[in-house]
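So the structure is just underneath, and the comments pick up after that.
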Amino acid sequence: MNNFTHWNEEGRPKMVDISAKEVTTRTAIARSTITLSDAVYEAIQQGGIKKGDPTQVAQIAGIMGAKKTADIIPMCHPIMLQGTDLQFDYEKAEHGYELHIQATVKCSGKTGVEMEALTAVSIAALTFYDMCKAVDKTMVIKETYLVEKTGGKSGTFVHK
């Protein structure tokens, strides 16, 4: 068990000590995709979602998710985020549409914000589903992944 960073000498979970790490500017971009039917897309375009604009509510939920990541992912450090933004892009698919949700999260700190960006898009996708499920429950939340991260000891990562 000593090879694992999140386990102590007794083989029990621990939060990694980051006290000796340098403060650097860190960014992370994550993406999630949700498929939706023509009916859901049309309802959104015509203002027919009774709960309101699903992307506006998902935007707020994604930001809140990024801020609360340490509360729901056990080994994440609480981070003072300095910026969180989400973008929503509809794309016509073979059947219906795909909504691509992207989050960009930034901070200056001792640990990265990858989990915050991933949590942001995950919560945004779940919120979008919740907002639209009365129209059609067949939506599918698809791949969620880290697009890019910068800063810290490991430097830049770009998903290929």
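The values are calculated or read from the model by the stated rules, or taken from the named source; none is laboratory data. Bear in mind the structure is a predicted one, so any value in this text is a computation, not a measurement. Every residue, glycine as well, gets a Cβ built from its backbone with ideal geometry; the counts of neighbours run over all protein chains shown. Keep in mind that these areas ignore ligands, DNA and RNA; they rest on the heavy atoms of the full protein, side chains included. Shrake-Rupley method; radii C 1.70, N 1.55, O 1.52, S 1.80 Å.
At a glance:
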read-out: Estimated distance in nm for a label pair at Lys68 and Gln56, the labels positioned 7 Å out from Cα along Cα-to-Cβ; value: 2.1
read-out: Estimated dipole of the chain in Debye, rounded to 20 [Cβ of Lys and Arg +1, of Asp and Glu -1, Cα centre]; value: 420
read-out: Whole-number percent relative contact order across the stretch 1-99, with pairs defined as alpha carbons under 8 Å at least 6 apart; value: 30
read-out: Sequence ranges 25-36, 64-75, ranked by mean other-Cβ count within 10 angstrom, highest first; value: 25-36, 64-75
read-out: On Cα atoms only, tilt of 54-67 relative to the major axis of the chain in degrees; value: 10
read-out: Percent carbon-and-sulfur accessible area, the chain, ignoring ligands, DNA and RNA, probe 1.4 Å; value: 54
read-out: Separation of the Glu94 and Asp38 label points, Cα + 7 Å toward Cβ, nm; value: 1.7
read-out: The stretch 65-100-the stretch 1-54 distance, computed between alpha-carbon centres (Å); value: 5
read-out: Accessible surface, per residue, of the chain when the full set of protein chains is kept, probe 1.4 Å, Å²; value: 59
read-out: Distance between modelled label sites at Ala134 and His6, nm, 7 Å Cα→Cβ extension; value: 3.8
read-out: Selection of GluC sites (Glu not before Pro), the stretch 1-107, meeting DSSP coil and at most 12 other Cβ within 10 Å; value: Glu9, Glu10, Glu22, Glu94
read-out: Length-normalised contact order for the stretch 61-144 - Cα pairs under 8 Å, 6+ apart - percent; value: 31
